[in-house]
1. Can you list residues from other chains, or at least 5 along the same chain, whose modelled amide H is less than 5 Å from the amide H of His123?
2. What ³J(HN,Hα) values, in whole Hz, does the Karplus curve 6.51 cos²θ - 1.76 cosθ + 1.60 give for the stretch 129-139 when θ = phi - 60°, with x put for Gly and Pro?
3. Tally Lys and Arg at +1 and Asp and Glu at -1 over the other residues with C-beta under 13 Å from the C-beta of Phe190: what net charge comes out?
4. As a check on your grasp of the helix formula, calculate [θ] at 222 nm for the chain: sum -39500 (n - 2.57) over DSSP H runs of n ≥ 4, divide by the residue count, round to the nearest 500.
5. Of the chain, which part is the longest with no GluC sites (Glu not before Pro) in a loop (DSSP not H, G, I, E, B) and with at most 10 other C-beta atoms within 10 angstrom?
6. In debye to the nearest 20, how big a dipole does the chain give about its Cα centre with +1 on each Lys and Arg Cβ and -1 on each Asp and Glu Cβ?
7. Please give the charge dipole size of the stretch 72-177, origin at the Cα centre, charges +1 on K and R Cβ atoms and -1 on D and E Cβ atoms. Round to the nearest 20 debye.
8. Can you list residues whose amide H is under 5 Å from Val68's amide H, if they're 5+ apart or on another chain and H is modeled 1.01 Å from N?
Amino acid sequence: MKRLWKWLRPDKHPAIERNRRRFAEFDRDRPIENCEFVSLDTELTGFNHRKEEIVSIGAVRIRDLQIVIGDNFFSYVRPTKSIPKDSTLVHRITTSQIKTAPPLQEVLPEFVDFCGDALLVGHYIALDMAFVNKACRNILGARMENPCFDSMRLAYAYQEVQRRSYYDAIETRMSYNLTELSKRYRLPLFAKHDALEDALQAAYLFLFLVKRLQAAGCVTLRDLDTVGSGSPF
């Protein structure tokens, strides 16, 4: 059965082949400021993380630790099933609104090429990438190879740095919700549950955290990966 499943997998799409070549060799000792990042977010048909579909993808480019204004990616995606009303109440996307949107088969190669050799950033990015990579395997023949960084985990690390430095002044209980963190750090606020605006919100949060972690000694991608995994540095 396993061999049969391999035969049924699609041939690797040129976009995913280019992606895999870009990351055949990857230097984790590069300084963070020399790297390009793409902050991304997706919206889904519903709340069951096992069987929902992507209905929109948004992404924002970060270069030289600055958001590149105007260099972004956004697309609605036409799913194979209708969007429940409960989901529409959250992300404001209706079935009728996306009935003429392109299917994921068209959107996904463009998204992979937009990401290029950038490192990926998101708030709880594991959820977004679970859906993106599932689609990549089914449609493009393989998963994306771009390393990922989670702004939520980086927020944990920053709070630990703060706790070690100013123990009495740091809250032991706090929300790690994207909007709540952005309010806490007095960052610009954007519309919630909109793929492009959530990607922009996560980009601002990521830059805020990275610059402060750099001051604490986190200067390379390897360092960032270490603190993002919850390990001390």
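Values quoted throughout were computed directly from the atomic coordinates according to the rules given, and no laboratory measurement underlies them. Owing to the predicted nature of the structure, the values given are computational and were not obtained by experimental measurement. Glycine gets a Cβ as well: all are built from the backbone with ideal geometry, and neighbour counts include every protein chain shown.
1. Ser151
2. Per-residue couplings from phi come out as 6, 4, 6, 4, 6, 4, 5, 4, 5, 6, 9 Hz.
3. Net of charged neighbours comes to -2.
4. -12500 deg cm²/dmol
5. Values: sites that count: Glu25, Glu171.
Looking at the chain, 26-170 is the longest stretch - no exposed GluC sites (Glu not before Pro) with at most 10 other Cβ atoms within 10 Å.
6. For the chain, the charge dipole is close to 780 debye.
7. With Lys and Arg at +1 and Asp and Glu at -1, about 460 debye.
8. Amide H neighbours of Val68: Arg61, Ile62, Arg63.
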